[in-house]
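Novice: Mind having a look at this structure? Questions to follow.
Quick note: the coordinates plus some simple rules give every number you see, no bench work behind them. As the structure is a prediction and not an experimental result, all values here were calculated from the model. Note: ideal-geometry Cβ built from the backbone for every residue, glycine included; neighbour counts use all protein chains shown.
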Amino acid sequence: MVPKPYQKPHPPLFQAFSTSAETIRWCAREQITPMILLSRPEQLRQMAQIYAEEAGRAGRWLAVGQNIGVLRQIYFADSVRAADRLAEQGLVGVGYKRFWGHFGFWEAFRFPEDEVEYPAGTTRLLPEEWTTDRMQRARYIYAGSVDAVREGMDELVESANPEWFAWLLDQGLLPRQELRKQLEIFGTHILPRYRQHEERTPAEAKVSRRAPRTSVRAGEKKR
């Protein structure tokens, strides 16, 4: 690592935008936390299992989901259509469609049926396939009402129970007032649900869902 960290032992290391099993295995061996971009529940579950298995081979015994993270985007709105507008004005429309998509980032949101027209490894998804609807169907975007977002978060916990959750916030793209509103709704209605385990007894905690650690990132500024 260059430059060499001053702190010893060095702070935890994270690998951004993880999408391949090879990367997940390498992270497990090197004690690095992968921030997984793949979002379909069955894919994420597989990656979480691969990480735990590879960590075990390296002598680290982890529960499925421990020491892994995910990247997601959240848009609270009165309707899915209104949430779509926020996404288009934000990182989806600017970051993914105008920039990251040209480097293959939409490949993370493939479905099995895409193999017919876009064989993986040979043909990337075309720009007309780069839609917010695809991201929502892939469970990368949680959008709409508080209940809809909570449903997505519950599904995430049930499928892989990741230790870390990074919300790619639309800083610099959506109005500051809108960003503040989004954060306040998340902090008031979503976050407490996943902090309840901290107040439970050890016996209760054993049968409860582990809450993912949450961070908010300005995706357009950190890569």
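Novice: Could you list K8, K181, K97 so that the one with the fewest beta carbons within 10 Å of its beta carbon is first and the one with the most is last?
Specialist: K8, K181, K97
Novice: May I pose another question? Which option, [x] 29; [y] 20; [z] 25, is the value of percent of Cα pairs over 30 Å apart that was calculated from these coordinates?
Specialist: [z]
Novice: Suppose the chain between T122 and A21 were pulled fully straight at 0.36 nm per residue; how much longer would it get relative to their current alpha carbon spacing?
Specialist: Here the answer is 34.5 nm.
Novice: Which of the chymotrypsin sites (Phe, Trp or Tyr not before Pro) across the range 11-101 are loop residues per DSSP, with 11 or fewer other Cβ within 10 Å?
Specialist: Here the sparse-neighbourhood loop sites are W61.
Novice: Around E163, which amide H atoms from residues at least 5 apart in sequence, or from another chain, sit under 5 Å from its own amide H, with H modelled in the peptide plane?
Specialist: Close amide H contacts, sequence-distant or interchain: N67, I68.
Novice: K4 to V146: FRET efficiency via 1/(1 + (r/R0)^6), r the Cβ-Cβ distance, R0 45 Å, to the nearest 0.05?
Specialist: Efficiency computed from Cβ-Cβ geometry: 0.50.
Novice: Fewest to most neighbouring Cβ within 10 Å: what's the order for S20, S39, S145, S159?
Specialist: Neighbour counts put them in this order, fewest first: S20, S145, S159, S39.
Novice: Which FRET efficiency, nearest 0.05, do A82 and R193 yield, Cβ-Cβ r, R0 22 Å?
Specialist: Efficiency at R0 = 22 Å is approximately 0.40.
Novice: What is the range 49-155 by shape, rounded, prolate or oblate, if you read a ≥ b ≥ c off the alpha carbon gyration tensor as root eigenvalues and call it rounded for a/c under 1.5, prolate for a/b larger than b/c, and oblate otherwise?
Specialist: oblate
Novice: Using the Kyte-Doolittle scale, which helices in the chain average at least -1.0 and also have C-alpha atoms spread 18 Å or more along the helix axis, with helices defined as whole DSSP H runs?
Specialist: Span-like helices here: 146-159.
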